[in-house]
Ligand code: NHO
C-alpha cells in the first residue's frame, strides 16, 4: 500500500521542541508506512510555512525558521490554514502558552489532532477540559498529552487503561516533580545529614533543575497541575489546581521578593523552618518528602510535605526521579508503581513523539 500521508505542525522549538524535531526526523526516516509532511513550524516570534503547503525539510526546519521565519499569524489564521491542509493534520504544541491551550477546542473542532506536553489546557478550568474532549468528539480528532505528567513515563496511558478496562482507582500517590524530588533527596537523604535547604536550592538552580525563578517550582503549582490532570482522568471533576490544598514552600515573607535572585539571597534566613521538619521526621524514624496524593473515596486531593518510612518507594527515590503509585481494586494491596526520570528535554519529547505515533495509527 502507498504510505499514509500526514501534515505536521510544530509550535514551540525550545528545550522540548528542539529534541522533538530530532525525534521526528528519526521517526520519518524509520516509519515507511507513513509520509510526514511538515507544513508549519513556529516559536514565539517566528513562523515558517507556505500558503500552498509545500513541505518544510524536517532536518533543517528550525534553522530555516530562525533565519527566514516571519511574525507568526494569529491563532485563528493558523487554525484555518491547518484545517485546509491537504492531509490529516497533527499539531504538536511544545509551548507552555495559555492562549494556545485555550484554543485547543478550535483546533480539534476542525479535525486537527493535538499532541502536547503543555499542562495548561488539561489543568485549566474544568469547563476547558470538557470543551477539549467534546470538541475532539465533534471534530473526529484526537488529543494526547502523556508528557503533561511524568514526562515520557507511561502515567496517563496507564491511568486510561485502568479506567477503560473497568478497574477502579482508589488512590494515587507520588513524587510528581523532578525538581522537588532532587531537592528533598539531597536535603533529607536516607543516609547522612543532607545539605542546608537554601544551599540545596542554589545548587539545584546551578544544575538547571529549577525554573529560572525557583519560586515557580517551590509554590507547588506544577505538582498541583499534574494532580488535577490525573484526578480528572480518574473521574473527579476537579475545578482547578487551586481548588484543593497545596503547600507552598515559599516563606510568606519572601513571596513579595522582587526577583528570583533576591529570593535566593534571603532564603537562608528561613533554613531553620525546614530543618525543624527534617529533624522532627527523623526523630520519628521517617524522612520528609514533597508529594501529591488523590484519595478517590474521600475525593481528597492534596500536595505538600509528608513523612515516609525509609523503606517506602517514595523515600528511596534517587536524583530527580519521579515515582507514582497507583492503588486500584485489581492491584489490591500491592500498588502498581512506575518510577523513572520525570523531567528533561529527551524524555519529555519521547512522550510527545510516542503520542504522535499513537494518533497516527488511528487516523
Ligand atoms: P522552553 O524551552 O521555554 O520552550 C518553549 C518554546 O515555545 C520556545 O520555542 C518559545 O519560543 C515557544 N513559544 C512560547 N510561546 C509561544 C507562542 N505563543 N507561540 C509560538 N511559540 C511559543 O520550554 P520547554 O522546556 O521546551 O517546555 C515546553 C513545554 O513542555 C512546556 O509546556 C512545559 O511545561 C512542558 N514540559 C516540559 C518538561 C521538561 O522537563 N522540560 C516536563 C513536562 C512538560 O516532565 C517535565 C516536567 O514536568 C518538569 C518539571 N519542572 C519537574 O518535574 O520538575
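Below are the figures for this structure:
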item	result
Members of segment 214-245 that are within 18 Å of the chain's Cα centre (by Cα) and not in a helix (DSSP H, G or I)	214, 219, 220, 238, 240, 241, 242
Pairs, first closer than 15 Å to residue 92 by Cα in segment 46-65, second part of a loop (DSSP other than H, G, I, E, B) and within 16 Å of the ligand (Cβ to nearest atom), C-beta under 6 Å, six or more apart	47/69; 47/72; 48/69; 62/13
Condition check for residue 222: closer than 30 Å to residue 296 by Cα, crowded, with 16+ Cβ neighbours inside 10 Å and touching a helix residue (DSSP H, G or I) at 6+ places or on another chain (Cβ under 6 Å)	no
Flag for residue 211 being away from the ligand (no atom under 11 Å from the Cβ) and either within 19 Å of the chain's Cα centre (by Cα) or part of a loop (DSSP other than H, G, I, E, B) (or both)	no
All positions within segment 82-92 that are more than 13 Å from the ligand (Cβ to nearest atom) and over 16 Å from residue 139 (Cβ atoms)	86
Checking residue 307 against (1) away from the ligand (no atom under 16 Å from the Cβ); (2) under 23 Å from the mean Cα position of the chain (by Cα); (3) buried (at least 16 other Cβ atoms within 10 Å of the Cβ); (4) in a strand (DSSP E or B), the condition it does not meet	(2)
Condition met for residue 233 (within 22 Å of residue 348 (Cβ to Cβ), at pLDDT 95 or above, buried (at least 18 other Cβ atoms within 10 Å of the Cβ) and more than 13 Å from the ligand (Cβ to nearest atom))	yes
Candidate set: segment 244-258, residues that are touching a helix residue (DSSP H, G or I) at 6+ places or on another chain (Cβ under 9 Å) and farther than 14 Å from residue 293 by Cα; chosen: the one surrounded by the most Cβ atoms within 10 Å (Cβ to Cβ)	249
Tally, over segment 113-158, of residues that are within 17 Å of the chain's Cα centre (by Cα) and assigned to a loop (DSSP other than H, G, I, E, B)	18
Residues of segment 49-74 classified as in contact with a helix residue (DSSP H, G or I) (Cβ under 7 Å, 6 or more places away or on another chain) and in a helix (DSSP H, G or I), total	2
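The values are calculated or read from the model by the stated rules, or taken from the named source; none is laboratory data. Predicted, not measured: the structure shown is a model, and the values here were computed from it. Note that each Cβ is placed from the backbone with ideal geometry, even for glycine, and that neighbours are counted across all protein chains shown.
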